[in-house]
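Colleague: This is the structure I want to talk about, given as C-alpha cells.
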Amino acid sequence: MLGSAPSMEKTTRKLILGLVFLFPGLPVAAQQTDPDVIWKGDFEAGASSLTGHCSAGDDQWCEVETIRPQQIQVVADPVAQGKYAARFEVKYGDLFSYYSDSRSLMTGPPALWENEGNERWYRWQALWPQDWVGSYPKWDQLSDPSARSWAGSLVEWHHDANGGVEHGSAPLYIGAGDTDIWLCLVDQATSECREKISLAPLQRSHWHDFIMHAKWSSQPGVGYLEMWIDGVNVLPKHLTPNMYPGMRNYLVVGLYRNSRIGDPTLLYPNGQHVYGTGGAPGVAYLDGIIIGKTQQSVLNERPWGTPAPDAATSDGGTGSPGQAAPDADGGTGPQVGVAAMGYQLPGGGCASGGAQLAWLALPLLALAFTRRLRKLRTSLPGP
C-alpha cells in the first residue's frame, strides 16, 4: 500500500516541486486563450451551444435552420477535441421556412460577419463517416450516368446584402465528394462554381484538421485564400475574389444540398427508385471551430501537426448518432490527460491523478539526481 491520501498528496507536491526545480521549462498552468482569438464555436457548452448566442462577444451559435431535432445534435462521440462535437444530418424533406434546398445549418453572432478587406484565420475539424455518399444521380438528367449532384457542403461563407436584396448562391462552399474534399468559388450571375478545386483525398471516419487563411474582397488581385488540411498546405495563396460587390460574408456550417436528392417518388424508366425510399440521409460531423486574427491564435488550441483522433464511425444517416451530450454543467464526455489515462499502479487499483503524476515523476527525479551526483563526484579532488 502506498500510504494515506494526505501523505500521497504531500509526496506528490514535493515531487512536482522537484521537477519544476530540475526542469524549469516544464509547463505549470494551462495556456490562456490567445487575445487574437475572435470567436469559438466548439460546442463545449453542450446542447446549449446550438442556439441563443446572438450578441456581440458571444461564443457558440445563434440560430439553427432545422425542422426536426435529429438534424443537428451535440454528441460526445466521435469528438476531435474537448468533450463534444456536432452531428449534422440532412435528408429529403428537410426544407426550412421559405429557403431553397434541403438544409441542416447553423449561424453565429455578429463576430462571424466579414467586411471587405477583413483578414482572418479559421480552423475546424470535420469527419465524414465510412458510409458517406458524396454524390447522387442528378434528378433531371437520369439518362446520363455521369451527371451527378453533390451531396452537400459542410462549411460555407454566405453573403449578406447589408440591407439590400440577396441573390445568387453563397460565394464559397467547402465539402466532400466520393473521393475528395473540394472547394467551390461561385459565379454570382450563374450560381455555378467558377472554380471547383480538389483540395485533398477524403479519408472516411477520420477527423480532417482544416486551417484557412482568407482576405475577404470582391476585387481581383486583392482577395485570397490559403488552406491547410492535416498540416499540409493543400491550397497555396490563391488570389481570387471571394465575396460579392457591396455585400458582407458570414460563416454558415452544416449540410446543404439539392432538395430533390432523396425523393422517394423519383423512379428510373424501369421502375427502380433513384434514391431509395428512406430519403437518402447524409451525416457529417464538425468540431473545434475557431476564428482568429493570426495563425498562432488558431494553432494554440492544438499544436501544429498534432493529429485529431480517428473515429471508426459508420453513420451515413442511419439514425444512430453517438450519445447525445447534456449541457456542460452535467457533461461527462471523454477527457484527455494524465488523470484520465488510468495507469495501473503496482499492487492493483486505478490511480488518481496525483498518484499518477508521482509515479511518472520518480524516474525523472532519479535520473536527475544520478546525473547531479555523478557531476559532484567528478568535481571533487582526488585522494
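The values are calculated or read from the model by the stated rules, or taken from the named source; none is laboratory data. Not measured: the values here are computed from a predicted model. Cβ placement follows ideal geometry from the backbone for every residue including glycine, while neighbour counts extend to all protein chains displayed.
Colleague: Do we have G117 as touching a residue at least 60 places away in the same chain (Cβ under 8 Å), part of a loop (DSSP other than H, G, I, E, B) and more than 23 Å from L225 (Cα to Cα) here? Even if it seems obvious, please write down each step before you answer.
Modeller: On the way: touching a residue at least 60 places away in the same chain (Cβ under 8 Å): yes; part of a loop (DSSP other than H, G, I, E, B): yes; more than 23 Å from L225 (Cα to Cα): no.
No; evaluated as a whole, the condition is false for this residue.
Colleague: A further question on this structure: Count, please, the residues in region 248-306 that happen to be small (G, A, S), surrounded by fewer than 18 Cβ atoms within 10 Å (Cβ to Cβ) and under 30 Å from P35 (Cα atoms).
Modeller: Here is the first cut: in region 248-306, the residues small (G, A, S) are 254, 259, 262, 271, 276, 278-280, 282, 284, 288, 292, 297, 305.
This time we only want the ones that are surrounded by fewer than 18 Cβ atoms within 10 Å (Cβ to Cβ), so: 259, 271, 276, 278, 305.
Checking the rest, the ones that are also under 30 Å from P35 (Cα atoms) come to 305.
Of the residues in region 248-306, 1 are small (G, A, S), surrounded by fewer than 18 Cβ atoms within 10 Å (Cβ to Cβ) and under 30 Å from P35 (Cα atoms).
Colleague: Also: Filter region 152-168 down to the residues that are closer than 13 Å to M243 by Cα, small (G, A, S) and either touching a Gly at 6+ places or on another chain (Cβ under 8 Å) or part of a strand (DSSP E or B) (or both) and list them by number.
Modeller: A161
Colleague: Starting from region 125-146, keep only residues that are closer than 17 Å to T265 by Cβ and assigned by TED's automatic domain parsing to the domain that holds V274, then list their pairs with residues that are small (G, A, S) and surrounded by fewer than 18 Cβ atoms within 10 Å (Cβ to Cβ) whose Cβ atoms are within a distance under 6 Å, requiring at least 6 positions of separation or different chains.
Modeller: Y136/S149; K138/A147; K138/S149
Colleague: Do the conditions hold for G231, that is, is it of a type in the set (G, A, S), surrounded by fewer than 19 Cβ atoms within 10 Å (Cβ to Cβ) and either in the same structural domain as G41 (by TED's automatic domain parsing) or in contact with an Asp or Glu (Cβ under 8 Å, 6 or more places away or on another chain) (or both)?
Modeller: Answer is yes for this residue.
Colleague: Let me ask something else. Please verify whether region 257-270 includes one or more residues that are out of contact with any helix residue (DSSP H, G or I) (no Cβ under 6 Å at 6 or more places or on another chain), of a type in the set (K, R), without any contact (Cβ under 8 Å) to a residue 40 or more places away in the chain and part of a strand (DSSP E or B).
Modeller: No, the conditions are met nowhere in region 257-270.
Colleague: Go through (1) over 22 Å from E166 (Cβ atoms); (2) touching a Lys or Arg at 6+ places or on another chain (Cβ under 6 Å); (3) among the aromatic types (F, W, Y) one by one and return the number of the condition Y136 breaks.
Modeller: (2)
Colleague: Just to be sure before I move on: is Y84 more than 24 Å from the chain's Cα centre (by Cα), modelled with pLDDT of 95 or more and surrounded by 21 or more Cβ atoms within 10 Å (Cβ to Cβ) in the structure I sent?
Modeller: No: the conditions fail for Y84.
Colleague: So, in region 169-197, how many residues would count as being surrounded by fewer than 22 Cβ atoms within 10 Å (Cβ to Cβ), of a type outside the set (A, V, I, L, M, F, W, C) and part of a strand (DSSP E or B)?
Modeller: Qualifying residue count for the region: 6.
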